[in-house]
């Protein structure tokens, strides 16, 4: 077999000299449609072996999630420090606490909805990194927030709330972006584990916030115990605690700005099949990618995102029930998750873990004991329940499946919350002996099954279950529903705290908690019901899960005609995408 130049192609040994009939040398022309190229590219992504590129993708997304979790949950510890410095009698009032916590959740709500839509409209890559800049800005601004003479408490809380809202927008954006980018790059057989590994960094972020709090309080221990400089020392502690949250974000920023666009977005939304084919071939082999800005782009014809198309797609019951089921399940999960997570200092006092200092104001010794107890308690709760739950989910997510784990988690949480509520009074009577230890154990167990359960699966499934052109938007809607639950829970918790303030005591600072547990049980039971609406996604391609017909999904603007030598270079050597450039005489 020779060419007009006396050269012959050097075929791989695996072909044993065989050339398929389609490619036999003659003067015929062969048509390769965009739809066929898309199918082959998606097959290569879905069937790819786990590589260094996938490790990089998990690390880049995971470090950002670590930062976001650190910034969200650090305020639970920092508010105790802020109260000792700026609060009346060493405490923030209920309105100030609510403002610090809810402002972040409101920002996250808007960030999830807005950036979810933007990721589908202009691209995942263009938004990725920008949202991290917002988080870094908001974090550093909080650490530098000042005070006004004559009204320090109001001023510092207002400024912190504003910057936590800004930070929340960036954190909210990270949810749909990280989920969808990880999902669209992942081989189908490890997609669940890759997405879980990213989300599991939330547990390490929570743990790191508690660890940093413990370190800074230890570092300033002598000054905190000095009445003359106690306030200044604690003021530096909370600023360091919050400000250090920007460090991992700065580390991840460059990698996020240079990550490639997902091939699914390039093909299905930008309709640039040729570029997507090149990207798949390049990043799977080298972990890099390149774009020729001068290249002539031939765009295929594929379904395009529009309000009419959105209503058509989600107007079908089988698609709407998925969105509703995921959104409500996330809503039901975030009510207990953020009530417990953002109010950990108060919960630790109720559990008997933190010193029950009581009186008109805290003494020097009580301040030091409270800061140490809150930091240590958060460490134990994170290490004893949060982190193990994430990594057990990692081990089973691709074998048990998402739906099974979510249903199991909701059912067990329902039982646990009923048990905690029923046992609250007798265990509190023995809080200084076995009661406190039992309550802490049950609390850790609830944290474990939140993460080895719906907290992980509600992040994963929306990143898999919708068409590419609406995947980030739908994930943003689902995640925002969860944050709506978090906002509602914080408002209700604050109202209950004010309502039962007259009944609180040193022995039981939050006597309404047992009633909250019964409410949580009802909410998680409804979450189990919503799980019935969700389809299992394990082991399936994203295109199969999307509930859209993939036959001729994208059409050529005109058939792409290739001759014999083009096909040899484009198809034979590396099935189906890599090109062969070497010839022998």
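Numbers for the structure displayed
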item	result
Where labels lie 7 Å past Cα in the beta-carbon direction, separation of residue 495 and residue 94 in nm	1.0 nm
Footprinting exposure proxy for 120, 232 (fewest neighbouring C-beta atoms within 10 Å first)	232, 120
Approximate spin-label separation residue 308-residue 415, in nm, with each point projected 7 Å along Cα-to-Cβ	5.3 nm
Residue 231-residue 404 FRET efficiency (beta carbon distance; Förster radius 51 Å; 0.05 resolution)	0.45
Pair residue 43, residue 126: separation of 7 Å Cα→Cβ label points (nm)	3.2 nm
Ranking of 443, 34 by count of other Cβ atoms within 10 Å, fewest first	443, 34
Sorted by Cβ density within 10 Å, fewest first, the residues 258, 537	258, 537
The stretch 141-268: relative contact order in percent, alpha carbon pairs under 8 Å with at least 6 residues between	26 percent
Convex hull projection area averaged over all views, the stretch 167-273, Cα basis, nm²	8.7 nm²
Segments 388-397, 236-245 sorted - mean Cβ within 10 Å per residue, highest first	236-245, 388-397
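The numbers here are math on the coordinates, done by the rules we state, and not lab data. Quick caveat, the model's predicted, so the values are computed rather than measured. All Cβ positions, even for glycine, are placed from backbone atoms using ideal geometry, and neighbour counts span all protein chains on display.
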